[in-house]
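Asker: Could you have a look at this structure, given as structure tokens, before my questions?
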Amino acid sequence: MFAQSIRMTLRDWRAGELRFLLVALIVAVAAMSSVGFFVDRMRDGLNRDAHQLLGADFVVIADKPLDSSWRDETVQRGLESAETRIFASMAIAGTGENAATRLASIKAVGVGYPLRGNLKTALSPEGEGEIALGIPASGTVWVDAALMSGLNVPVGGELTLGEKTFSIARVILTEPDRGMSFVSFAPRVMLALPDLEATGLVQPASRVTYRLLVSGDRSQVKAYQTWAQQRIDSGTYRGVRAESLETGRPEMQATLERGERFLSLVGLLSAMLAAVAIAMAARRFMLRHLDACAMLRCLGLTQGEVTAIYLIEFLIIGLVGSVIGAAAGFGAHYVLLEGLARFVLKEMPPVTVLPAIKAVATGLLLLVGFALPPVLQLRGVPHNRVIRRELAAPKPLLTLTWGAGLAVFGGLLLWQAGNVRLGLLTGAGFLGGFVAFALVGWLGLQTLRLSRGAVSQPDWKFAITSLQRRPGASLLQMIALAVGLMALLLLTVIRADLMNAWQRATPPDAPNHFMINIQPEQRDAVAEYMRSAGIRDATLYPMIRGRLTDVNGVPVRGSTYVEDRARRLVEREFNLSYLSELPEHNEVIAGRWHDDAAEGNSASVEQGLADMLGLKLGDTLRFNVAGQTVEATVTSLRKLDWGSMRVNFFVLMNPEALQTMPQTSITAFYLTRNQGRLVADITREFPNLTVIDVGGILAQIQSVMDQVITAVEFLFLFTLTAGILVLYAALMGSQEERIRESGLLRALGATKSQLRRAQAVELLLVGAMAGLLAASGATATGWVLARKVFDFPWVFNPAVWLYGLAGGALCAVAGGWLGLRGVLNQPPLQTLREG
């Protein structure tokens, strides 16, 4: 059987029977493997670059100096490490009556800082930034421009910290691990760690944050992280906690998760298109081998032998196509890297063999799932097929093989997606699209049949009759064309809409400054000052500091919770606020917003906080606010968009609950580089205010977002190839039948021009209907992805239907012309003989 399969494979290859199937498989695997190789390295690179926000791969944070064992362990594991100290203190410029003071965030850094990312400094606030190659020299400091402006001291001037005076050497432009903690809100002063002791600022009662930065090989960092977490969980080291990208940076984690989903969507669509292309190629192979299979049965082969021959043939094609496709994808991803060298990551992580194994396995799974049913249908070809041109209806067992194929495809989608929700939603969308396309297509054919009598043009009447004569083939072609077009629309128009929605989530003009400590009597004056300065989008939110003391009458203590972050949250004060209207960047996902008619106080809790502390609707929360008790019932849970960089609160109450409590106000606003002096003007006008510049964090978020968007833009070019292949398979699916019909009609007297016009009308109808279906399916899928997967607001784009209608008609007519132009130019007798 194996030798016979080899001979038949070679003969089918010479006859051109396997080329379309092999090309479909190679293109499919190449598209997926190129995406796989690049995404694999891109993910590693993005995660590596995202760790710049920590300044390391992993950070150990403590309230008191860490003993030497923590750093000794990094040495034993071959990891890099560096230390920092962060605390708030007063910075002084000048002497005597001319002295100016400002609260500053002091950061003492050790050799090697930062381990990840780049610290950029300049010789003046307006100067060009350059990457710092070390830490401040002894006796010098690097400072934020805001501090120089507030103290009116230039580069080269003197700054006193405690008992030591330093010279300002450089201006800090970007600091990778600035963070969002309260102490980081004040302007930064950075000095070398050995100089810290001379300042005399660190005393036994000082509130200093000690940080040990760790980086190195991923597996070794992970092992060190496990070792450190075990020590922390043991309870021996009080006030020590661990911080990684996943736990410490919600705004960057949200950006990375969205990037991961976008990259997963590329692989997902590639898998879907590959499945459709291979299924149609296998069906075409089956239809072209019915006669050969019947002849083999007449020559004495059993059903099992016929099945074995074709299964071996498909296995050979699957292995060859998958290996060639994986190799092509490997080479293609290097071309992609060259093209993206100046756009994406400067140093990509090394390639791994996993994407190649995954690509070959995917190719074989696709072939088994979608080529097996047509092959099994060949085993049921009767002997008399040689005489009677008929094919028996599929048997129940064959129907089960299609179900198995769909199950294989479903598992493949989840594997490719890397995200269960994304895989299930997209798979369900495409499966629902198939069913909806079949139903609407059948209704469309029935409508055309009813309208045939009202059509007077012979060309249109012949085209409608032709569609009715083979409803199954017409419906299959329409569905396949619609699926291919739907994928292409997802890859082009809808993809652009998703990208725009993501960019709108963190726009270039997102707030890059926060202002806190606005006193109640200053609210109107500050608001008017900002309006006069041209800042229109700065909403002042009331902020009340309160500690959570009870949940449903049960006292809350840090020891109640296992998770370290939960313990820290309940052991400090919350930022509470009250609003009558839901902020536009918040979304209620459970319960309802404050009801003015309801009795008692109501609270809306952020979803992540509720999950962490085990809070649910109906719970009663008690807060201690400056010695006063406030109780409120949880009436809603909210989802916050951390990437918006706007003012967010974990708990929002109704105004009646908190408006009489001691409070200040907070706001967020955007300043251009030309408005930098405005910060100094505001703080000079209102000295008690603290303005926090988070532009560096925002720039890092947008940088990662731009990298992902650029990568996805290029990666979609690979999946477009698979989509075009699906279109070709759909249009070529009925080519042989059309060839026979054309030859017969020409033999009966039809002219070439009549057939050309009738075929054009028929293809135009199929293409237009498929285009409308594809546009509807792409829009529905885009809405689901935006709302349920990426958490974006979705705006319907009516142009999608125009693109779908025009694209479907154009593809169908162009494909029909390419496939049938040779038929109409040769004698009818030759056409009938070849058919």
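Asker: Give the residues of region 91-129 that are at pLDDT 85 or above and surrounded by fewer than 16 Cβ atoms within 10 Å (Cβ to Cβ), sorted by residue number.
Answerer: Passing the criteria: V111, G112, L123, S124.
Asker: In region 608-658, what residues are assigned to a helix (DSSP H, G or I) and open to solvent by 50 Å² or more (accessible area, probe 1.4 Å)?
Answerer: Answer for region 608-658, where residues must be assigned to a helix (DSSP H, G or I) and open to solvent by 50 Å² or more (accessible area, probe 1.4 Å): D611, W642, E656.
Asker: Name the residue that is nearest to P520 (Cα to Cα), counting only residues in region 550-567 that are open to solvent by 40 Å² or more (accessible area, probe 1.4 Å) and part of a strand (DSSP E or B).
Answerer: P555
Asker: On the basis of being more than 28 Å from V483 (Cβ to Cβ), part of a helix (DSSP H, G or I) and in contact (Cβ under 8 Å) with a residue 40 or more places away in the chain, does R283 make the cut?
Answerer: no
Asker: Of these, F686, F714, F718, which one is open to solvent by 60 Å² or more (accessible area, probe 1.4 Å) and either hydrophobic (A, V, I, L, M, F, W, C) or modelled with pLDDT under 75 (or both)?
Answerer: F714
Asker: Within the set of pairs 6 or more residues apart or between chains, which connect a residue that is among the small types (G, A, S) inside region 212-237 to a residue that is open to solvent by 50 Å² or more (accessible area, probe 1.4 Å) and part of a helix (DSSP H, G or I) with Cβ atoms less than 6 Å apart?
Answerer: Listed pairs, sorted by first residue: none to list.
Asker: A follow-up question, please. Please note which strands (runs of 3 or more DSSP E) are completely contained in region 149-212 and include at least 2 residues that are open to solvent by 50 Å² or more (accessible area, probe 1.4 Å) and at pLDDT 90 or above.
Answerer: 164-174
Asker: Might you check whether a residue that is over 33 Å from the mean Cα position of the chain (by Cα), over 25 Å from L540 (Cα atoms) and surrounded by fewer than 16 Cβ atoms within 10 Å (Cβ to Cβ) occurs anywhere in region 568-583?
Answerer: Checked region 568-583: at least one residue is over 33 Å from the mean Cα position of the chain (by Cα), over 25 Å from L540 (Cα atoms) and surrounded by fewer than 16 Cβ atoms within 10 Å (Cβ to Cβ).
Asker: Oh, and also: In region 68-90, how many are over 38 Å from the mean Cα position of the chain (by Cα), at pLDDT 90 or above and not polar (S, T, N, Q)?
Answerer: The total comes to 1.
Asker: Moving on to the next point. Can you give me the number of residues within region 432-480 that are in contact with a Phe, Trp or Tyr (Cβ under 6 Å, 6 or more places away or on another chain) and modelled with pLDDT under 75?
Answerer: Within region 432-480, residues that are in contact with a Phe, Trp or Tyr (Cβ under 6 Å, 6 or more places away or on another chain) and modelled with pLDDT under 75 number 0.
Asker: Among what's in region 508-529 and is surrounded by 14 or more Cβ atoms within 10 Å (Cβ to Cβ) and at pLDDT below 85, pick the residue that is farthest from E571 (Cα to Cα).
Answerer: Among residues in region 508-529 that are surrounded by 14 or more Cβ atoms within 10 Å (Cβ to Cβ) and at pLDDT below 85, the one farthest from E571 (Cα to Cα) is A510.
Asker: Here's something else I'd like to know. Among the numbered conditions (1) at pLDDT below 75; (2) more than 30 Å from A428 (Cα to Cα), tell me where F330 comes up short.
Answerer: (1)
Asker: So which residues in region 301-331 are part of a helix (DSSP H, G or I) and among the β-branched types (V, I, T), if there are any at all?
Answerer: Of everything in region 301-331, those that are part of a helix (DSSP H, G or I) and among the β-branched types (V, I, T) turn out to be V306, T307, I309, I312, I316, I317, V320, V323, I324.
Asker: Inspect region 543-560 for any residue being aliphatic (A, V, I, L, M), within 24 Å of V60 (Cβ to Cβ) and without any contact (Cβ under 8 Å) to a residue 12 or more places away in the chain and give the result as yes or no.
Answerer: Looking through region 543-560, none of the residues is aliphatic (A, V, I, L, M), within 24 Å of V60 (Cβ to Cβ) and without any contact (Cβ under 8 Å) to a residue 12 or more places away in the chain.
Asker: Quick one: would you say A603 is in contact (Cβ under 8 Å) with a residue 40 or more places away in the chain, outside any strand (DSSP E or B) and of a type in the set (A, V, I, L, M, F, W, C)?
Answerer: Taking the combined requirement at face value, the residue does not satisfy it.
Asker: Now a separate question. Go through region 749-759 and report how many residues are out of contact with any Ser or Thr (no Cβ under 9 Å at 6 or more places or on another chain) and either surrounded by 18 or more Cβ atoms within 10 Å (Cβ to Cβ) or polar (S, T, N, Q) (or both).
Answerer: Residues meeting the conditions: 3.
The values are calculated or read from the model by the stated rules, or taken from the named source; none is laboratory data. Not measured: the values here are computed from a predicted model. Using ideal geometry, Cβ is built from the backbone for each residue, glycine included, and neighbour counts are taken over all protein chains shown. Heavy atoms of the whole protein, side chains included, go into the accessibility calculation; ligands, DNA and RNA do not. Shrake-Rupley method; radii C 1.70, N 1.55, O 1.52, S 1.80 Å.
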